[in-house]
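K.L.:
Following this message is one structure expressed as structure tokens.
FYI, it's all coordinate maths here, none of it is from the lab. The structure displayed is predicted, hence computed values, not measured ones. All Cβ positions, glycine included, derive from the backbone under ideal geometry; neighbour counts span all protein chains shown.
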Amino acid sequence: MKIAIIGMGYVGLPLALRFAQAGVSVLGIDVDENKCTALNDGRSYIKHISTESVAAMRTAGLLEATSDFARVSAVEAILICVPTPLKAEREPDLSYVFGTGESIAPHLRSGQLVVLESTTYPGTTDTELRVILERGSGLLAGRDFHLAYSPEREDPGQYRPGRPSDSQDCRWPYSRLPRPGCGVLLARGRESHPGIILSRRRSDQVARKYFPLGEHRFG
Ligand SMILES: NC(=O)c1ccc[n+]([C@@H]2O[C@H](COP(=O)([O-])OP(=O)(O)OC[C@H]3O[C@@H](n4cnc5c(N)ncnc54)[C@H](O)[C@@H]3O)[C@@H](O)[C@H]2O)c1
């Protein structure tokens, strides 16, 4: 199985290594050519990620980095981990997410799964991102490809030794079927099709934590 992770930063790189360590082939995509070069050279650029762990996955042939978005056509799942910095009015700047949507849409294929991992307000996936992906691909979310929201739950500074982090613990395997209770929020409301599960409790928590004044919408 092969997946693409877009945005190889504090969230994307550990996630990529976690998948690779589980035997999943990972294509890391980043607009920063220096990061792509470092990864392909087997080097880490994040302090708490060891160069050895990156080098090991390179040697195993399970990690490759590129800035060529067209290559998403060759993977089964696409995980979006680009930044969403808060603007002055505490709204997330979604330009990176939408830019990523524009970049991957022409290369989407039927049967693929697209997962937004970036922090945002509930509803982003099923409104703006869905429209961008459908318009650029000519495919329909929920019919031709799967679309989900799975917020990153790393909590910097809360690391407890010996205990897997939320993302390690609950990361569902991105097979066609969802794993219940993993906090995968959904995009397409209640329609019953595989790959999507709605967790209202988790989306509430995320929304309250990051966007206390924001609108909560659950598809
Ligand atoms: N860092 C954390 O502990 C943490 C925890 C919870 C949630 N999050 C959320 O996860 C998301 C990612 O955060 P991060 O800390 O990994 O950010 P980061 O800045 O460390 O990494 C983002 C990466 O995306 C790349 N990028 C930017 N625009 C791109 C584009 N259009 N296409 C491809 N790559 C692009 C950047 O070059 C960078 O390498 C954010 O929404 C953040 O709020 C982060």
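K.L.:
Would you please give the residues with an amide H less than 5 Å from that of SER67, counting only those at least 5 places away or on a separate chain, with H modeled from the backbone geometry?
P.N.:
Distant-sequence amide H within range of SER67: ASP30.
K.L.:
To make sure I understand, if each residue's beta carbon is the centre and we count other beta carbons within 10 Å, what order do TYR149, TYR121 fall in, fewest to most? Provide the component values of the computation, followed by the final result.
P.N.:
Working: TYR149 28, TYR121 19.
Going from sparsest to densest Cβ surroundings: TYR121, TYR149.
K.L.:
Something else now. Could you work out how far apart the two model spin labels at TYR45 and ARG143 are, taking each label as a point 7 Å from the Cα in the direction of the beta carbon, and quote it in nm?
P.N.:
Inter-label distance under the simple model: 4.1 nm.
K.L.:
Quick query: amide H of PHE145 versus all other amide H atoms, modeled in the peptide plane; which residues come in under 5 Å with a sequence gap of 5 or more or a different chain?
P.N.:
Answer set, sorted by chain and number: GLY111, LEU140.
K.L.:
Can you pull out the trypsin sites (Lys or Arg not before Pro) in the stretch 1-83 that DSSP calls coil and that have at most 14 other Cβ atoms within 10 Å? If you can, show how the numbers build up before the last one.
P.N.:
On the way: sites: LYS2, ARG18, LYS35, ARG43, LYS47, ARG58, ARG71; in loops: ARG43, LYS47.
Those that pass, being in a loop and sparsely packed, are ARG43, LYS47.
K.L.:
Work out how much length THR59 to LYS2 would gain on full extension: take 0.36 nm times their residue separation and subtract the Cα-Cα distance, in nm to one decimal. Let's see the in-between values first.
P.N.:
On the way: separation 57, 0.36 × 57 = 20.52 nm, distance 1.64 nm.
Gain on extension, THR59 to LYS2, equals 18.9 nm.
K.L.:
Let me ask you something else. Neighbouring Cβ atoms within 10 Å as the yardstick, rank THR100, THR84 fewest first.
P.N.:
Values: THR100 27, THR84 20.
With the sparsest Cβ surroundings first, the list reads THR84, THR100.
K.L.:
Follow-up. May I ask for the distance between the Cα centers of the stretch 115-134 and the stretch 64-88, given as a whole number of Å?
P.N.:
13
K.L.:
Here is a further query. Cβ under 15 Å from THR37's Cβ, THR37 left aside: what net charge do those residues give with Lys, Arg +1 and Asp, Glu -1?
P.N.:
Counting the neighbours of THR37, the net charge comes to -3.
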